Amino acid sequence: MTEVRDVIIIGGGPAGYTAALYGARANMNPLVIEGFQWGGQLMITSDVENYPGYPDGILGPEMMQDFRRQSERFGVEYITDDVTRVEFSDQTHKVFIGDDEYQARTVIVATGATARQLGLDSEIELQGRGVSYCAVCDAAFFRDKAVIVVGGGDSALEEANFLAKFASKVTLVHRREEFRASPIMVDRARSNDKIEFVLDAVVTEVLGTEEGKVVGARVENVNTGEASEIETDGFFVAIGHDPNTALFTDILDMDDDGYLLTREGSTETNIDGVFASGDVQDHIYRQAVTAAASGCMAALDAERYLSALEHAAADEIAV
Ligand code: NAP
């Protein structure tokens with residue numbers, strides 16, 4: 001017989017580890033299936049200076065190790081592998097890694113989202129060393145420096161405006177002349193003296209020094225093929241995020257962009273006993289601290305759900 005656990009947490013980022021910490025301290029004996037590449041988006045971030053409790057800042061991967069270690073203290077069990085399939089029912093939920101089956105009365109989905117990348121080798125090499133996917137996190141490192149933002153959606157325009165508060169110059173590189181972003185965001189950027197537009201252009205290489213520091217980008221005009229170089233200290237990719245929800249297609253309710261839908265003011269999904277927390281259900285805030293907070297909420301919701309089940313079972317016996 002497969003053991004039926006109180007809770008299985010899918011995903012090992014700030015949301016999953018915080019849910020594990022709260023779940024363990026509520027005696028729910030969590031199993032975390034944290035993914036083969038555990039740690040989430042913070043694993044490609046260098047300094048984190050906006051997480052409360054780290055007054056001197058901390059490296060993203062170190063912070064995730066701290067999160068994991070803190071929940072380990074309370075006996076959380078980890079599997080460093082990817083879930084391949086789920087079967088959610090109204091009672092016992094099943095989670096599979098290949099042929100191995102795990103069962104639980106509650107599941108917390110914390111699989112996060114993935115920032116879209118341009119897919120350049122140079123971009124990947126310089127991640128966390130001048131290449132960033134989060135202006136809110138990293139803008140302050142570029143005070144009085146030049147930065148590039150790539151993208152033409154609301155995120156890119158918003159990040160360009162935000163970065164202009166710190167940087168001496170922001171160059172927005174977009175592959176078309178038209179913007180996907182709302183006109184008000186474009187107007188705001190256009191009226192900012194610090195922001196320059198390079199349109200109809202794609203980045204073909206992020207340029208770095210031998211020590212691994214971003215110094216520029218090579219761009220190519222999509223109409224003429226003409227290549228040029230832009231000097232920069234920072235390179236922000238803002239071409240959107242993809243929620244990691246392929247596992248839950250046709251099982252959990254999602255919005256048009258694939259983010260999981262939760263009941264307002266709660267982490268409950270459309271299936272009883274299945275909760276969602278962190279970036280997998282949040283396309284707005286996307287911060288480590290908000291993901292952690294929502295992981296805490298999911299564990300509390302799961303704990304209350306289990307208590308309600310136990311009370312209902314006890315009432316039935318009493319009748
Ligand atoms: P998005 O709307 O999907 O825009 C992505 C942008 O990146 C597009 O301009 C796209 O170009 C470009 N792009 C995609 N792949 C690319 C590639 N490989 N190379 C170069 N450029 C590439 O994503 P988002 O801006 O993150 O916005 C996501 C959602 O959040 C949207 O609904 C948005 O309105 C919302 N949002 C709202 C606010 C706000 O209201 N304050 C702020 C941020 C985000 P093309 O246009 O040519 O496809």
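The values are calculated or read from the model by the stated rules, or taken from the named source; none is laboratory data. Every value quoted in this text rests on a predicted model; they were computed, and no experiment measured them. Neighbour counts run over all protein chains shown; Cβ positions are idealised from the backbone, glycine included. Heads up: the accessible areas ignore ligands, DNA and RNA and are worked out on the full protein's heavy atoms, side chains in. Shrake-Rupley method; radii C 1.70, N 1.55, O 1.52, S 1.80 Å.
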Open item on the list: Return the equivalent ellipsoid semi-axes of the chain as a descending list in whole Å, where each equals the square root of 5 times an eigenvalue of the C-alpha gyration tensor.
Closed with: 42, 20, 17
Open item on the list: Out of the total accessible area of the chain (probe 1.4 Å, heavy atoms of protein only), what percent is carbon and sulfur?
Closed with: 46 percent
- [ ] Any cysteines in the chain with zero other Cys Cβ atoms under 4.7 Å from their Cβ? List them, or say none.
- [x] Cys296
TODO: Using 0.36 nm per residue of separation minus the Cα-Cα distance, give me the extension gain between Asn27 and Val215 in nm, one decimal.
DONE: 62.6 nm
Task: Loop-located GluC sites (Glu not before Pro) in the range 239-312, at most 15 other Cβ atoms within 10 Å (DSSP) - done: Glu264
- [ ] Give me the lysines in straight-line cross-link reach of Lys194: C-alpha distance below 26 Å, same-chain residues under 8 apart excluded.
- [x] Lys145, Lys165, Lys169, Lys213
- [ ] Anything in the chain that counts as a DSSP H helix reaching 30 Å or more along its axis (C-alpha) with Kyte-Doolittle mean of at least 0.5? List them, would you?
- [x] 288-318
Task: Charge context of Asn270, other residues only, Cβ under 12 angstrom, K/R +1, D/E -1 - done: -4
Task: Bridge type composition, the range 117-237 - antiparallel percent by DSSP, nearest 5 - done: 45 percent
Task: Listed residues Thr245, Val203, Leu309: farthest to the positive end of the dipole of the range 186-319 (Cβ charges) - done: Val203
- [ ] Count the DSSP beta bridges whose two residues both fall in the chain, then state the antiparallel fraction as a percent rounded to the nearest 5.
- [x] 45 percent
Task: Solvent-accessible heavy-atom area per residue, rounded to whole Å², over the range 195-319 at 1.4 Å - done: 53 Å²
TODO: For the range 225-242, take each phi angle, set θ = phi - 60°, evaluate the Karplus expression 6.51 cos²θ - 1.76 cosθ + 1.60, and give the result in whole Hz per residue in order, putting x for glycine and proline.
DONE: x, 5, 9, 8, 10, 10, 6, 7, 9, x, 9, 9, 9, 9, 10, x, 10, 10
Open item on the list: Test of understanding: in a Gaussian network model of the chain with alpha carbons linked when under 10 Å, which of Ala246, Ala302, Ala19 would top the mean-square fluctuation ranking?
Closed with: Ala246
TODO: Would you please state the base-10 log of I(q)/I(0) at q = 0.11 1/Å for the range 117-237, with intensities from the Debye formula using one equal scatterer on every alpha carbon?
DONE: -0.31
Task: Rounded to the nearest 20 debye, dipole of the chain from Cβ charges on Lys, Arg, Asp, Glu - done: 720 debye
- [ ] Determine the sum of side-chain charges near Ile58: Lys and Arg each +1, Asp and Glu each -1, restricted to other residues whose C-beta is under 15 angstrom from that of Ile58.
- [x] -4
Task: Radius of gyration and Dmax over the Cα atoms of the range 1-139, both given in Å - done: 16.6, 53
- [ ] Go through the range 202-217 residue by residue and turn each phi into a ³J(HN,Hα) via Karplus (6.51, -1.76, 1.60, θ = phi - 60°); whole Hz please, and just put x for glycine and proline.
- [x] 10, 7, 9, 7, 8, 9, x, 7, 5, 6, x, 10, 5, 10, x, 9
Task: Of all DSSP beta bridges in the range 14-101, antiparallel share, percent nearest 5 - done: 70 percent
Task: Point-charge dipole on Cβ atoms (K/R +1, D/E -1) for the range 117-237, about Cα centre, debye to 20 - done: 420 debye
